[in-house]
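Have a look at the structure below before the remarks.
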Amino acid sequence: MDEAYDVIVLGTGLTECILSGLLSAHGRKVLHLDRNNFYGGETASLNLTNLYNMFYPGVEPPSHLGANRDWNVDLIPKFTMANGKLVKLILHTETVANNLEWKCVDGSFVMQMSAGGIFSKAKPKVHKVPATDTEALKSDLMGMLEKRRCKKFFKFVQNYDPADAKTHKNLDLKTVPFSQVLASFSLEENTIDFIVHAIALYTNDDCLNRPAHDAIQKVRLYMDSIGLYGNSPFLYPVYGIGGIAEGFSRLSAIFGGTYMLSKSIDEILFNDDGKVLGVRSGDEVARAPIILCDPSYAINLGKVRSTGKVIRAICILNHSISDADNMPSGQIIIPQRQTGRNNDIYVSFVSSSHCVCSEGYYIAICSTQIETASPEAELQPAFNFLGDIMMSFVKVYDTYEPLEDGRRDNLYVSKSYDATSHFESACEDVLSLYEKLLGEPINLETTLKPFTQNN
């Protein structure tokens, strides 16, 4: 460790590992450190022993759950959009793409409150988000007339071209709020809920008051992702999302990156001009003019600000989820308005079909942005869909973002993983940091050409 590097990376979360791999492939001498004894940070996939050590230290996993090798439990519940930025980043790096195996997520569902009758109360009902024209026709998510109106909206999105004003419906979509665009199609409130939360995948309704362009692009991303690799817009790696971070770690190691786990950092060192010059671990000092780290390494330096708290509950089940058509993998989205909240609640579930648990078991992860002093109670609408829970592992995560962009002191801090059900926002952070570190944007339409002495 006692030597000089071009870049020191602290933390092995997905963001840090992607950038570490790309920096190494571009000829940078990288030292990558993590205080944990496993790769992935918050995006790790843990075996049973590590999972119990984290949440219930000193408690042995029950023997009936099977062998450690059968379990790869994600700490955060996120899927990958089939046409999203993470897939493009992976395909950009052939080394990572060739070492990952993917499967489609079987289904996506959204909850709506069904109307009560004279002798019955309104109650929650889970609907499958249609992935084919046949499913759309059969779905009772909306009535036939509303389906026609909704189809017109999706056709408008499909034809939308930011450079062609003829496709803008006589609206300036970079200034007009999304709510006005939706209103122009006379869509019902529940349909708007469905589009905003189950298709555009926003965690709350704030997008309705923002310019429509970004929301339309998110709807388009969902539409473009369906059918790309199967009848689902979502992909999930076999053996869990921790394999993605490990894949980029291998890319870094191939091109000379140095990794050290179980390495605590006592101090980030700065020179008299306030710029970073290295890190200290005990009596060892590693020097570098650039440091990239996750927020946990910058809290005590006053370099980050809080953006809230997210609660995640990992639940082990010995049965499928009946409200989700007993599918082996999928997600249930509970829009904020349906429960009177300010933020959505998510249930992501996977099973042995993705090689993340022993056969006969399911892993469901419930999560949301915390709004009250009783965060676990906020997840009750999600727990109601799970039935009997064998074991749960609950944790509240503080989320942060950097106060500065890093250019002043060369300390570049990533953002915490938010409550969204996919990796798009994390990848936007990766792309932004990449441009700051290497001075130019990454071209995801090309295949990475690793650095050599000749180029």
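The values are calculated or read from the model by the stated rules, or taken from the named source; none is laboratory data. In this text, all values refer to a predicted model and were calculated from it rather than measured experimentally. Neighbour counts run over all protein chains shown; Cβ positions are idealised from the backbone, glycine included.
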- [ ] Could you please tell me which pairs satisfy a Cβ distance under 6 Å, a separation of 6+ or placement on different chains, a first residue in segment 365-386 that is in contact (Cβ under 8 Å) with a residue 60 or more places away in the chain and under 23 Å from His319 (Cβ atoms), and a second residue that is part of a strand (DSSP E or B) and of a type in the set (Ser, Thr, Tyr)?
- [x] Ile365/Ser348; Ser367/Tyr346
TODO: Have a look at Pro233, Pro211 and point out the one that is of a type outside the set (A, V, I, L, M) and surrounded by fewer than 21 Cβ atoms within 10 Å (Cβ to Cβ).
DONE: Pro211
Open item on the list: Taking the criterion of being under 27 Å from Met54 (Cβ atoms), small (Gly, Ala, Ser), in contact with a helix residue (DSSP H, G or I) (Cβ under 8 Å, 6 or more places away or on another chain) and in contact (Cβ under 8 Å) with a residue 40 or more places away in the chain, would at least one residue in segment 299-320 satisfy it?
Closed with: yes
Task: Among residues of segment 186-195, those that are buried (at least 20 other Cβ atoms within 10 Å of the Cβ) and farther than 18 Å from Lys128 by Cβ, counted - done: 2
Open item on the list: Exactly one condition in (1) surrounded by fewer than 20 Cβ atoms within 10 Å (Cβ to Cβ); (2) closer than 17 Å to Val238 by Cβ; (3) touching a helix residue (DSSP H, G or I) at 6+ places or on another chain (Cβ under 9 Å) is false for Leu46; which is it?
Closed with: (1)
- [ ] Give segment 52-105 a look and list any residue that's in contact with a Cys (Cβ under 9 Å, 6 or more places away or on another chain) and among the aromatic types (Phe, Trp, Tyr), or say none.
- [x] Trp71
Open item on the list: Out of everything in segment 398-408 that is touching a helix residue (DSSP H, G or I) at 6+ places or on another chain (Cβ under 7 Å) and surrounded by 15 or more Cβ atoms within 10 Å (Cβ to Cβ), what residue ends up being nearest to Asn53 (Cα to Cα)?
Closed with: Tyr400
Open item on the list: Suppose we keep only residues that are hydrophobic (A, V, I, L, M, F, W, C) and modelled with pLDDT under 70 within segment 100-130. Which one would you say is nearest to Leu228 (Cα to Cα)?
Closed with: Ala115
Task: Of residues in segment 409-438 being among the charged types (D, E, K, R), assigned to a loop (DSSP other than H, G, I, E, B) and at pLDDT 95 or above, the one surrounded by the most Cβ atoms within 10 Å (Cβ to Cβ) - done: Lys415
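Could you tell me which of the residues Leu141, Leu137 is modelled with pLDDT under 95, under 17 Å from Ile199 (Cβ atoms) and not hydroxyl-bearing (Ser, Thr, Tyr)? Steps first, answer last, please.
Numbers: Leu137 fails: under 17 Å from Ile199 (Cβ atoms).
Of Leu141, Leu137, the one residue that is modelled with pLDDT under 95, under 17 Å from Ile199 (Cβ atoms) and not hydroxyl-bearing (Ser, Thr, Tyr) is Leu141.
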Task: Top-ranked residue of segment 2-17 - restricted to ones that are of a type outside the set (Asp, Glu) and over 25 Å from Pro237 (Cα atoms), ranked as surrounded by the most Cβ atoms within 10 Å (Cβ to Cβ) - done: Ile8
- [ ] Exactly one condition in (1) in contact with a His (Cβ under 8 Å, 6 or more places away or on another chain); (2) surrounded by fewer than 21 Cβ atoms within 10 Å (Cβ to Cβ); (3) not acidic (Asp, Glu) is not met by Pro441; state its number.
- [x] (1)
- [ ] Give Leu269, Leu201, Leu261, Leu251 a once-over and let me know the one that is buried (at least 22 other Cβ atoms within 10 Å of the Cβ) and closer than 30 Å to Arg407 by Cα.
- [x] Leu251
Task: Subset tally (residues that are within 30 Å of Ser348 (Cα to Cα) and among the β-branched types (Val, Ile, Thr)) for segment 234-290 - done: 3
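Is it fair to say Thr15 is assigned to a helix (DSSP H, G or I), in contact (Cβ under 8 Å) with a residue 60 or more places away in the chain and among the hydroxyl-bearing types (Ser, Thr, Tyr)?
Values: assigned to a helix (DSSP H, G or I): yes; in contact (Cβ under 8 Å) with a residue 60 or more places away in the chain: yes; among the hydroxyl-bearing types (Ser, Thr, Tyr): yes.
Yes: the conditions hold for Thr15.
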Task: Subset of segment 202-256 [assigned to a loop (DSSP other than H, G, I, E, B) and among the basic types (Lys, Arg)] - done: Arg210
